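Participant: Next up is a structure, given as structure tokens.
The values are calculated or read from the model by the stated rules, or taken from the named source; none is laboratory data. None of these values were measured; they are calculated from a predicted model. Reconstructed Cβ throughout: ideal geometry from the backbone, glycine too, with neighbour counts over all protein chains shown.
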Amino acid sequence: MADRSCFEQMQQRVGVLEEEAPAPKKADRALQESTRRLELAYDQAIIYAQQLKEEITERKRAEERLQEARDALEVEVQERTAELSRANALLKREIAERREAEEALRIEKDNLVNMLNAMEDGVYIINDQCDMEYVNPALMKEFGPFQGKKCYDYFHSRRETCPWCRNQDVFAGKHVRWEWYSSKNQKTYDVIDTPVKRSDGSSSKLEILRDITARKQMEQEKEMLEAELQRTYKMEALGTLAGGIAREFYEVVGIIIGNTELGLYELARERSAQRNLEEVLKACMRAEDVVAQILTFSRRGEHKKGAVLVSSVLQEAISLLRATLPPTVEIREKIESPSGRVMADPTQIHQVLINLSINAAWAMRKGGGILEVSLEDLDLHGDVADQYPHLDAGPYVRLTVSDTGHGIEPGIEERIFDPYFTTKKPGEGTGMGLALVYGIVESCGGMITVESQVGKGSRFHVFLPKIERMGRPTTAASNHISMDHERILFVDNDQAMVDMGKHMLKSLGYRVVAKTSSIEALEAFRAEPEAFDLVISDQIMPHMTGDMLAKELLHIRPDIPVILCATRSEQITEEQAKAIGIGGLVAKPTVTRVMAEAIRNVLDQD
């Protein structure tokens, strides 16, 4: 730009000189001077132009470098902007995630608090200074609002930490579980202490208190029931043994009774021999009663139950007791339920009172005392029923036998009903009396309890379900033995029983075909089904039992009368026998009079 300005100035100067030149020389000199100056200016203009070109080139280069720098800066700005955008997005995501986490934590905390509030178990949280920071509604309902108090101040009425307290163990990281009885509300709690670490490093304790009062009571009741169950198991075991023994014993007694009766029949004129045999027969009957008592205890015996007027049975038993017990024992009776009836066997009720009274008299054998027998009605409903949880609600008759003897020693009350358990010396008692009573009462659907105090006596309570109507009175059995000439098929696997039965039936006027095998008896009957008027069979026999034989016989001839002989321990009832089609069920050992009546009852049916 500077060179062009000089050149233009030079041209202007040349024009001025041309106008001012006066003469040609002067004009030439001026022209030459102007030309020289012009050439000089031109050279300078060239130089200036060259410098200008170089300057322009340098400026372009600078502009290019500047543009490159701008481009690089723009790229860097774009990259930095992208990085900032990514960082900003990441920050936003982190903020959102943190907010979500905080919201989730808040919801979880609310849920936890709601869960603790909804728990039926009491829950509270204390810090390491024993301050109650949280208490759920269940615990406040039990003990009242005590949030913000010291735990030892509220629970133990102390102003400082208990020296035996478990809190320090929990704060040290231990899990503790223990039982606590609260004197404030008389309840027992299962307590679980759990350590909780806080975010600041301090410790807290979470404690859960579960009310186990009902469970503890149930455990106590369970122990009582288990003891009762063990006693029942013992009785059932003995019952099984008694049934097996009774079966064998009845066979022997049956042979003795049958042959003794035959001997009495044949020796009717020999009075001395007859009296001896009568004594043998009485002894056998007594043996039968003993086995019946064992089976009564085992609750497997078959007894004819009916509506029993308890007061009448008690008065008969008390009359017997007055003649039996020593005069040092005063008997008092208090009958407040004269019309109370129960469903039972009258002989069994008689046995209950006799056994309890004999035990009471034994407890007063040294110095005498008072034996009191009372009978009263008891209606188990409402609060009264709660006192006897093992009995169903309803009307009962309560028989109480009390004495003023030495009482029962502590620790043995739960064993007094066990078979063979006795505090008497060897030879003075068998330990079966109270066990028999227990079996009879249980079979009648009742319960027996005992109260005793050492030095003051004992009191036994027998609860029997009361009924509202009487059964039909039973008539005495006829002593008349019917005789006829029918043909009987007699079956028993014991040869001695077969011989005795054959003679007994012949003495009654019957014709007899005897077999010792049920298979042989079935073959004989199948060969001549119309040749027999009656079949008498034992129940327990090898290969084919009596009821199975009866089914086969009735299949061959549906109208054949059948009598089944079974001991009280054998599991067949009159209902089961009738369902098969058996006409009669006779208990073993068989007495001639009973068998004769059974035969006529079956044969004389329409």
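Participant: For the range 102-144, give me each residue that is aromatic (F, W, Y), in a helix (DSSP H, G or I) and either modelled with pLDDT of 80 or more or surrounded by fewer than 12 Cβ atoms within 10 Å (Cβ to Cβ) (or both).
Facilitator: None; the set is empty.
Participant: Further, regarding this structure: If you take the residues of the range 492-501 that are part of a helix (DSSP H, G or I) and under 55 Å from the mean Cα position of the chain (by Cα), which of them is surrounded by the fewest Cβ atoms within 10 Å (Cβ to Cβ)?
Facilitator: So, considering only residues that are part of a helix (DSSP H, G or I) and under 55 Å from the mean Cα position of the chain (by Cα), the one surrounded by the fewest Cβ atoms within 10 Å (Cβ to Cβ) is Q495.
Participant: Would you call G407 touching a strand residue (DSSP E or B) at 6+ places or on another chain (Cβ under 8 Å) and under 27 Å from Q220 (Cβ atoms)?
Facilitator: yes
Participant: Looking at the range 145-199, which of the residues that are part of a loop (DSSP other than H, G, I, E, B) and polar (S, T, N, Q) is modelled with the highest pLDDT?
Facilitator: Q186
Participant: I'm checking my understanding of the structure. Among residues of the range 592-606 that are charged (D, E, K, R) and modelled with pLDDT under 85, which one is nearest to F490 (Cα to Cα)?
Facilitator: Here the answer is R593.
Participant: Which ones in the range 314-354 are touching a residue at least 60 places away in the same chain (Cβ under 8 Å) and over 20 Å from I467 (Cα atoms)?
Facilitator: The one that is touching a residue at least 60 places away in the same chain (Cβ under 8 Å) and over 20 Å from I467 (Cα atoms): Q351.
Participant: Name the residue, out of I599, I540, I580, I519, that is buried (at least 20 other Cβ atoms within 10 Å of the Cβ) and β-branched (V, I, T).
Facilitator: Residue meeting the stated conditions: I599.
Participant: Within the range 392-400, is even one residue touching a Ser or Thr at 6+ places or on another chain (Cβ under 7 Å), in the same structural domain as I318 (by TED's automatic domain parsing) and at pLDDT 70 or above?
Facilitator: Yes, there is a match, as at least one residue in the range 392-400 is touching a Ser or Thr at 6+ places or on another chain (Cβ under 7 Å), in the same structural domain as I318 (by TED's automatic domain parsing) and at pLDDT 70 or above.
Participant: Could you list all residues from the range 342-368 that are buried (at least 19 other Cβ atoms within 10 Å of the Cβ) and either assigned to a strand (DSSP E or B) or of a type in the set (K, R) (or both)?
Facilitator: If the condition is that a residue be buried (at least 19 other Cβ atoms within 10 Å of the Cβ) and either assigned to a strand (DSSP E or B) or of a type in the set (K, R) (or both), then V342, A344 are the ones that fit.
Participant: Separate question: Take the range 289-339 and flag every residue that is at pLDDT below 65 and in a helix (DSSP H, G or I).
Facilitator: The answer is D289, V290, V291, A292, Q293, I294, L295, T296, F297, S298.
Participant: Looking at G439, G446, G433, G471, can you tell me which residue is under 41 Å from the mean Cα position of the chain (by Cα), modelled with pLDDT under 80 and buried (at least 16 other Cβ atoms within 10 Å of the Cβ)?
Facilitator: Going through G439, G446, G433, G471 in turn, just one is under 41 Å from the mean Cα position of the chain (by Cα), modelled with pLDDT under 80 and buried (at least 16 other Cβ atoms within 10 Å of the Cβ): G433.
Participant: Another question, then. So which of K502, K588 ends up being of a type in the set (K, R) and at pLDDT 85 or above?
Facilitator: K502
Participant: Looking only at the range 566-590, which residues are of a type in the set (V, I, T), touching a strand residue (DSSP E or B) at 6+ places or on another chain (Cβ under 6 Å) and outside any loop (DSSP other than H, G, I, E, B)?
Facilitator: V586
Participant: Further question on the same structure: Go through I563, I540 for me and flag whichever is among the β-branched types (V, I, T), assigned to a loop (DSSP other than H, G, I, E, B) and touching a strand residue (DSSP E or B) at 6+ places or on another chain (Cβ under 9 Å).
Facilitator: Testing whether each residue is among the β-branched types (V, I, T), assigned to a loop (DSSP other than H, G, I, E, B) and touching a strand residue (DSSP E or B) at 6+ places or on another chain (Cβ under 9 Å) leaves just I540.
Participant: Quick check on my filter: what residues within the range 22-70 are modelled with pLDDT under 80, among the hydroxyl-bearing types (S, T, Y) and in contact with a Phe, Trp or Tyr (Cβ under 9 Å, 6 or more places away or on another chain)?
Facilitator: Correct list: Y42 only.
Participant: In the range 502-521, what residues are within 20 Å of A566 (Cβ to Cβ), part of a helix (DSSP H, G or I) and in contact with a helix residue (DSSP H, G or I) (Cβ under 7 Å, 6 or more places away or on another chain)?
Facilitator: M504, S518, A521, listed by residue number.
Yes or no, residue by residue, for (1) of a type in the set (A, V, I, L, M); (2) without any contact (Cβ under 8 Å) to a residue 24 or more places away in the chain:
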{"residue": "D533", "(1), (2)": "no, no"}
{"residue": "I540", "(1), (2)": "yes, no"}
{"residue": "P558", "(1), (2)": "no, yes"}
{"residue": "I563", "(1), (2)": "yes, no"}
{"residue": "T567", "(1), (2)": "no, no"}
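Participant: To continue, here is another question. Answer yes if at least one residue in the range 37-59 is among the aromatic types (F, W, Y) and under 45 Å from the mean Cα position of the chain (by Cα), and no otherwise.
Facilitator: no
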